[in-house]
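K.L.:
This is the structure I want to talk about, given as structure tokens.
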Amino acid sequence: MDPHEVLANSKTFAVVGATRNKDKYGYQIFRILTDYGYKAYPVNPNYDSIDEYPCFPSLADLPEKPDVAVTVVPPDVTEKIIDEARRLSIPVVWMPPGSGSEAAVQRCEECRLGHVDEACVILAVKFLGRRTS
């Protein structure tokens, strides 16, 4: 899927692998989504909160179904997240560089999930610009 189309047509994101470490992509991706007006939920079983936002242990624990699950985890974990996304009817999985694999792409296709592969969320959000709605 085209990353800009996903950003333009999605309002709610789950960032699996979000972290409090400001130097890590899990934090940077979560913050750019919130800073640019998207609703983003951090997902990481190791935290109760990230900044002022409550953090959730899994996709199943979110208060609403996101439009997109962003994986900021190793490829073998991403493959498990794809199965969870399918069970929860999350329509799109975004796998930034380093979190996806050929097996993960194949699993998305088998599950009939939309997917963005090897595209940087940070650059895509900056290029698209701030949402108005």
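The values are calculated or read from the model by the stated rules, or taken from the named source; none is laboratory data. It should be emphasised that the depicted structure is a prediction, and the values quoted were computed from it without experimental measurement. Here the Cβ is made from the backbone with ideal geometry for all residues, glycine too, and neighbour counts use every protein chain on show.
K.L.:
Please count how many residues of the stretch 44-98 are of a type in the set (Gly, Ala, Ser), under 13 Å from the mean Cα position of the chain (by Cα) and surrounded by fewer than 21 Cβ atoms within 10 Å (Cβ to Cβ).
P.N.:
1
K.L.:
Turning to a different aspect of this structure: Yes or no: the stretch 117-127 includes at least one residue that is touching a residue at least 12 places away in the same chain (Cβ under 8 Å), in contact with a Ser or Thr (Cβ under 9 Å, 6 or more places away or on another chain) and surrounded by 14 or more Cβ atoms within 10 Å (Cβ to Cβ).
P.N.:
No, there is no match, as no residue in the stretch 117-127 is touching a residue at least 12 places away in the same chain (Cβ under 8 Å), in contact with a Ser or Thr (Cβ under 9 Å, 6 or more places away or on another chain) and surrounded by 14 or more Cβ atoms within 10 Å (Cβ to Cβ).
K.L.:
Next question, about the same structure. If I filter the stretch 35-51 for residues that are out of contact with any strand residue (DSSP E or B) (no Cβ under 6 Å at 6 or more places or on another chain) and part of a strand (DSSP E or B), do I get at least one hit?
P.N.:
yes
K.L.:
So, one more: Residue 97 passes all but one of (1) out of contact with any Cys (no Cβ under 9 Å at 6 or more places or on another chain); (2) part of a loop (DSSP other than H, G, I, E, B); which number fails?
P.N.:
Looking at each condition in turn, residue 97 falls short on (1).
For (1) surrounded by fewer than 22 Cβ atoms within 10 Å (Cβ to Cβ); (2) closer than 19 Å to residue 82 by Cβ, each residue gets a yes or a no:
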position	(1), (2)
2	yes, no
9	yes, no
12	yes, yes
15	no, yes
18	no, yes
21	yes, no
31	yes, no
35	yes, no
41	no, yes
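K.L.:
Pick out the one residue from 77, 105 that is within 24 Å of residue 22 (Cβ to Cβ), in a helix (DSSP H, G or I) and of a type in the set (A, V, I, L, M, F, W, C).
P.N.:
Being within 24 Å of residue 22 (Cβ to Cβ), in a helix (DSSP H, G or I) and of a type in the set (A, V, I, L, M, F, W, C) holds for just one of 77, 105, which is 77.
K.L.:
From (1) touching a residue at least 60 places away in the same chain (Cβ under 8 Å); (2) part of a loop (DSSP other than H, G, I, E, B); (3) within 17 Å of residue 66 (Cα to Cα), pick out the condition that doesn't hold for residue 112.
P.N.:
Among (1) touching a residue at least 60 places away in the same chain (Cβ under 8 Å); (2) part of a loop (DSSP other than H, G, I, E, B); (3) within 17 Å of residue 66 (Cα to Cα), residue 112 violates only (1).
K.L.:
Considering each of 26, 17 in turn, give the residue that is on the phi > 0 side of the Ramachandran plot and either among the small types (Gly, Ala, Ser) or modelled with pLDDT of 95 or more (or both).
P.N.:
The match here is 17.
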